[in-house]
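Colleague: Below you'll find the structure I mean.
What follows draws every value from the coordinates through simple rules; no lab data is involved. Predicted model, so just to flag it, every value in this text is computed and none were measured. Cβ placement follows ideal geometry from the backbone for every residue including glycine, while neighbour counts extend to all protein chains displayed.
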Amino acid sequence: MREVDKSPMEVSYDAKASTPQSSAAVAVSPKFGVLIKAYLDENGHRWSLREYTRIENSLKFLPKTNLNKESAIAVKQSLLKIKTIPTFNRYLKYFNAFFRWVIANNVEITVNPFDGLKVMEKKTSQASKRNAYNPEQLAELYKLADKYGNKSIQYWLIMIGRYTGARMNEICQLKPKDITAGAIHIRGDVLKTDNAKRSIPTHPRLIELGLLDWVGQCTKDRLFHEWKPVRGSYSHAGSSWFSRNNPFKSGIKGEKATVDFHSLRHTVATEFKQAGVASQYAAQILGHSNGNITYDRYWKCVNISMLKEAMLFIR
């Protein structure tokens with residue numbers, strides 16, 4: 001039985017496993033590490049690079065061998081010391097999916113030791129999880145951008161986020177050819193969903209601020225090339241920068257800021273809602289699903305000019 005007082009980061013997997021010590025173990029096969037590799041190889045094509053990386057990294061928290069209920073509980077306890085409850089539950093989703101595949105593809109393993117280990121979370125509405133910026137907060141955010149100037153990636157991260165509602169990981173993958181006077185094309189390699197690939201009308205304010213001049217001066221493949229991708233995440237460095245410099249970060253350790261970068265997305269969504277913008281227009285701009293298979297399948301054929309009027313409600 002492995003020691004249960006090791007930190008989760010010391011727990012890894014490989015193809016070498018010791019002889020099982022107990023008949024209660026459900027994952028004692030010497031091929032356990034191989035099973036993980038086979039699972040990733042067989043299913044990886046279904047996931048985005050970002051999702052693949054998350055799944056692969058989560059599975060590294062599993063012990064090498066002797067994975068029974070006792071050791072699964074130990075993994076849970078160790079993870080909850082270093083991860084939030086939502087993050088643990090996401091890892092648990094990955095563990096459960098892996099074991100469903102294992103049980104279906106390996107006769108030696110018939111039980112999922114992680115079954116029933118989900119931690120219940122306090123129910124909160126989606127809208128309450130993040131706040132939108134108010135006008136005063138936006139003014140402070142613009143001061144932060146101006147501090148770096150309109151030749152900097154920090155300035156344009158904020159301004160593109162403000163006038164598109166795009167996700168940070170989408171913005172950080174933009175290439176010079178993705179931005180024109182007519183549209184900003186979100187088409188990076190690592191996108192959250194199929195709906196994330198889209199074209200957003202370029203807001204007039206971005207043109208006024210000098211976006212096209214900045215894009216024209218870039219000689220690299222990516223506009224935000226100074227921020228290198230980390231484990232499939234193009235927003236890693238940008239997110240760290242924003243978290244450190246967020247004017248609204250809490251002074252209390254562990255407490256979240258009242259608004260963060262993603263709150264810009266909520267701000268745009270709120271502006272659309274208050275202006276009465278049709279939900280399918282807002283969904284197309286923000287890269288959301290409409291919740292309607294017909295809209296989701298055919299809406300991207302709609303001419304981008306139909307979205308320009310909606311963009312003017314972003315002030």
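Colleague: Compute the distance from the alpha-carbon center of segment 227-249 to that of segment 85-113, in whole Å.
Modeller: Cα centroid to Cα centroid, the span is 31 Å.
Colleague: A further question follows. On a 23 Å Cα-Cα criterion, which of the cross-link pairs LYS37/LYS60; LYS64/LYS228; LYS64/LYS93; LYS177/LYS228 come out too long?
Modeller: Flagged as over cut-off: LYS64/LYS228.
Colleague: Please sort 259-267, 134-142, 161-169 by packing, taking for each peptide the average over its residues of neighbouring beta carbons within 10 angstrom, highest first.
Modeller: 161-169, 259-267, 134-142
Colleague: In nm, give the distance between the simple-model label positions of VAL107 and ARG205, each being 7 Å from the Cα along the Cα-to-Cβ direction.
Modeller: The modelled label-to-label distance comes out at 6.5 nm.
Colleague: How many angstrom lie between the Cα centre of segment 268-288 and the Cα centre of segment 159-179?
Modeller: If you average the Cα positions of each part, the centres end up 17 Å apart.
Colleague: For the peptides 191-203, 219-231, what is the packing order when you average, over each peptide's residues, the other Cβ atoms within 10 Å and list the highest mean first?
Modeller: In decreasing order of mean packing, 191-203, 219-231 become 191-203, 219-231.
Colleague: Which far-off residues, 5 or more places away or on another chain, put their amide H under 5 Å from the one on ALA183, with H placed in the peptide plane?
Modeller: THR202
Colleague: Using the Cα centre of segment 127-311 as origin and beta-carbon charges of +1 (Lys, Arg) and -1 (Asp, Glu), tell me which of LEU209, GLY232, HIS185 is placed farthest towards the positive end of the dipole.
Modeller: Farthest towards the positive end: GLY232.
Colleague: Hey, what do the phi angles of segment 80-94 turn into as Karplus ³J(HN,Hα) couplings, whole Hz, using 6.51/-1.76/1.60 and θ = phi - 60°, x for Gly and Pro?
Modeller: Along segment 80-94, the couplings run 5, 6, 10, 10, 6, 4, x, 5, 4, 5, 5, 4, 4, 4, 5 Hz.
Colleague: Pop a pseudo-label 7 angstrom from the Cα along the beta-carbon direction at both THR87 and GLU121 and give the gap in nm to one decimal.
Modeller: Each label point lies 7 Å from its Cα, and together they span 1.3 nm.
Colleague: Can you compute 3J(HN,Hα) from phi for each residue in segment 204-216, using the Karplus curve 6.51 cos²θ - 1.76 cosθ + 1.60 with θ = phi - 60°, rounded to whole Hz and x for Gly and Pro?
Modeller: My calculation for segment 204-216 gives x, 5, 5, 5, 4, 6, x, 4, 5, 5, 5, 4, x Hz in order.
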